[in-house]
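Reading through the structure tokens given below for one structure.
Since every read-out is calculated from the coordinates, none of them should be taken as a lab result. Bear in mind the structure is a predicted one, so any value in this text is a computation, not a measurement. Every residue, glycine as well, gets a Cβ built from its backbone with ideal geometry; the counts of neighbours run over all protein chains shown.
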Amino acid sequence: MFGNWKKRLFRDVDGDFEQGGEINQKTAARNGNVTIVALSALLLAAWGLYAYTRSPARIHEEPSQEPVEFGAIIEQDFVEKDNQSALTLQQNTLSGLEKQLSDLTESMQSLKENTQRQIEQAKEKTARLVEEQVREEFREKEARLEARLDELEQSQPERLTIEPLRPSQTHVPVNDSETFGQYTLPPRPIASSNDNPEIAHMQYQPSEQGLFNRNEFDSFDFFWEQEEESYHRTIDNYVPTGTFVTAVVTGGADTNAGVLGQGDTTPVVFQTIHEGILPNGEKSRLNNCTVTAAAYGEISSSRGIVRTHRLSCIQEEGRILDVAIKATAFNFGRNGIRGTTLLKNGEIVQMAGIAGILTGVGETGKALSQTTSTSALGTTSSLNQQDAALNLLGNASSSVGAKLSDYYIGLAELYHPIVEINPGAVVNIVFLEGFPLDPLMAEDYERAKAAEQQLSSQSNQILDVITNTPLNPLAKELSSEGIDVPPTPFGHQ
């Protein structure tokens, strides 16, 4: 029998998808009824337990008890002695701390002097090592130069006697004033003997030897001036700023309209259904192109704000255009796409409030069941035997209410308002910056944009380093102790 009642009370309501609102209302009503019944049962049980454990009324007066005897009264002299002993203890503690501080200061001063001494010794040692190394390298270079000079002095006389004149070693300019237009004589025989005093009259002159010393082919490059084709922007290869094209939403979204909605965007897809209108009424070539974008919700205007990412088209001869664009979407003549605003955390917040009320009721019952007394030893709380049931009910209600309140508040934080962007909405995509339609020029355009972004990011990093100079949190303490702190590379703040 209890199982049948349980199935009847906790049975889920059946229905179609279109009847979701009615099903939610029925489920909420059932949950409310169950909650009311459970609370009523708990209150009834608590009242019964309270009535059962309550002691009966006293008929006759209890016999008088003997008065409680207290100890001797503390006089003013005891308080003064106690204060004096406390002051003595504090003075001893302060003297100990001052001694430790002086010892620490002396140790830091000695450590500073020792460190400075070690730094000076290291500098002197490094200077000596560098000087010795430089001198050693200089001596080695000097020795190598002297050996090289000796070799040259020994080999120079032999070269002069054995090979006094070699045509291959003479460097004579070609086509100079001596050879141009002059009649060249037939070759003269060169003597094979190394000892020939008239060698100068039996060989060519230096100006004539250049024609026979060249053993390679001559090559010449000829260039003619020609006009290079310059790139001009036309309506066929470029989309200027302010161009708009009609598109339809093919991939809608539930955009985040919360406080952090601009940082939590949702992808949106558009399909163009028009060629596009240029500033002077000319038509472009943007029909049947796909546009990807990101959107976030704006709850004040119930619109989804769109920021485009890329545009892709298949052009003639199978050429693919995939370029980054900067544009926005207008719907009904206004920026953004009109949508429906939904907020689904109302019931959750309501349940969190009910749980908070339950916590307050429990805390109140807990406080009423306790008796607070103040004495010289402090404040104490005692529990009466007659109010044990009320204290039990208060503790249970406060703990359960606190847990439920935390749960519902955490659940409510997961919900945020959304703005629905439904598929099929017709919008006008307005391009805020121009971009090329030629795939080759689009690659150059994206490279230029990437270089510009990289330069901007580097400049921002430099500005961050200059403006946000890191400061040493211990600089002031070290300066107060007499230790010099070097300045920051970008000045003091």
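What does the net charge come to around Tyr415 if you take all other residues with beta carbon closer than 14 Å to its beta carbon, with K and R at +1 and D and E at -1? Display every interim value, and only then the final one.
On the way: positive: Lys344; negative: Asp254, Asp264, Glu347, Glu413.
Around Tyr415, the charge tally is -3.
Among the listed pairs Lys26/Lys403; Lys26/Lys344; Lys344/Lys366, give every one whose C-alpha distance is greater than 24 Å. Show your work: numbers first, answer last.
Details: Lys26/Lys403 26 Å; Lys26/Lys344 17 Å; Lys344/Lys366 35 Å.
Lys26/Lys403; Lys344/Lys366, as the Cα separations exceed 24 Å there.
The Phe330 and Ala402 beta-carbon pair, evaluated with R₀ = 51 Å, returns a calculated FRET efficiency of approximately 0.55.
Roughly speaking, what is the stretch gain from Arg54 to Met108, that is 0.36 nm per residue apart minus the C-alpha to C-alpha distance, in nm to one decimal? Please list the in-between numbers first.
Numbers: separation 54, 0.36 × 54 = 19.44 nm, distance 7.22 nm.
Fully extending the segment from Arg54 to Met108 adds 12.2 nm.
Neighbour counts of other Cβ atoms within 10 Å put Ile337, Ile357, Ile418 in the fewest-to-most order Ile357, Ile418, Ile337. In this simple spin-label approximation, Gln370 and Ile235 carry label points 7 Å from Cα along the Cα→Cβ vector, and these lie 8.5 nm apart. Going from the fewest other Cβ atoms within 10 Å to the most, the residues Phe244, Phe330, Phe138 appear in the order Phe138, Phe330, Phe244.
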